[in-house]
Amino acid sequence: MEHKGLDSYGYFEREGALGKVQAGFRGLVTAARERIAEAYGPRLQSAYLYGSVPRGTARPGRSDLDLLIALHHEPSAEDRDTTEVLARALDEEFDRIDGVGVLLYGKDRLLSEQERYDLGWFLACLCTPLLGADLAEHLPRYRPDGLLARETNGDLAELLPKVRARIQEAATPEEYRRLCQGISRHLVRTGFTLVMPRWGGWTSDLGESAEIFARYYPERADQMRAAAAAALDPVADPAVLRAYTEDLGPWLADEYTARHGRKGPRAEA
């Protein structure tokens with residue numbers, strides 16, 4: 001049994017670290033820390049990096065900067081406007097990244113029982129502390145089990161109609177590429193968490209995720225490998241997106257529900 005990403009007791013080891021940030025991205029991370037503190041002031045509980053930058057795998061000019069910001073209270077419309085301005089300014093100033101994504105939540109939601117095996121797990125295991133007191137200290141340790149699989153990605157069936165609508169609304173090659181990248185990532189991650197409890201470990205590497213999935217579903221291996229490739233190098237091809245929503249996506253949603261059940265209801269973000 002492989003246990004990659006877990007400690008000797010079978011619990012997740014936290015992914016990423018500030019020490020893994022590549023030299024070319026350190027100025028960006030410093031600027032993000034300073035500007036988050038200035039933008040939110042006493043409203044800020046804590047801030048985190050996640051994704052390729054704290055894992056040390058970011059590609060200059062290709063990767064985005066991913067941030068999670070926790071406030072002491074539920075975000076207001078003003079807080080969300082602040083986030084948009086902050087993200088746009090960082091993206092425009094630093095050509096080492098291709099976009100800035102920010103998740104913004106109140107600390108009570110992040111620590112809620114409802115989010116214990118979704119946002120709570122995400123913060124505690126996949127996010128690297130950047131600023132403020134770490135909320136992970138108030139969360140449990142996690143194992144790669146069926147409960148975690150259900151509560152993280154057990155909502156694909158509900159998401160597919162929204163994805164189809166977004167595809168119909170897309171009109172430019174850039175919009176198609178953005179959709180391709182986002183949907184490809186989601187399908188590969190969902191495919192991996194489908195088999196995660198059986199594999200007994202964790203990885204955020206999309207190529208590796210597709211290969212692990214392929215061990216359990218060889219008949220779908222080529223589709224998942226193609227999705228992993230498209231997540232890194234997205235294409236502006238509506239036919240690829242339709243294949244996701246009419247073939248791979250529905251099959252994956254049905255298989256996920258059969259094995260793990262459906263994700264519990266959540267409050268609107």
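The values are calculated or read from the model by the stated rules, or taken from the named source; none is laboratory data. In this text, all values refer to a predicted model and were calculated from it rather than measured experimentally. Heads up, the Cβs are rebuilt from the backbone with ideal geometry, glycines too, and the neighbour counts pull from every protein chain shown. With ligands, DNA and RNA removed, areas are computed over all heavy atoms of the protein, side chains included. Shrake-Rupley method; radii C 1.70, N 1.55, O 1.52, S 1.80 Å.
Tabulated data for the structure shown
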| read-out | value |
| --- | --- |
| Checklist (1) surrounded by fewer than 21 Cβ atoms within 10 Å (Cβ to Cβ); (2) of a type in the set (Val, Ile, Thr); (3) in contact (Cβ under 8 Å) with a residue 40 or more places away in the chain applied to THR30, failing item | (3) |
| Any chance LEU187 is closer than 20 Å to THR257 by Cβ, without any contact (Cβ under 8 Å) to a residue 60 or more places away in the chain and hydrophobic (A, V, I, L, M, F, W, C) | no |
| Close pairs from region 107-132: first within 16 Å of ALA149 (Cα to Cα), partner among the aromatic types (Phe, Trp, Tyr) and in a loop (DSSP other than H, G, I, E, B), Cβ under 7 Å, at least 6 apart | TRP121/TYR142; ALA124/TYR142; CYS125/TYR142 |
| Helices (runs of 4 or more DSSP H) completely within region 66-182 that count 1 or more residues being surrounded by 18 or more Cβ atoms within 10 Å (Cβ to Cβ) and of a type in the set (Lys, Arg) | 107-110, 146-153 |
| Failed item in (1) part of a loop (DSSP other than H, G, I, E, B); (2) in contact with an Asp or Glu (Cβ under 9 Å, 6 or more places away or on another chain), with TYR9 passing the rest | (2) |
| So GLY207, is it open to solvent by less than 60 Å² (accessible area, probe 1.4 Å) and in a loop (DSSP other than H, G, I, E, B) | no |
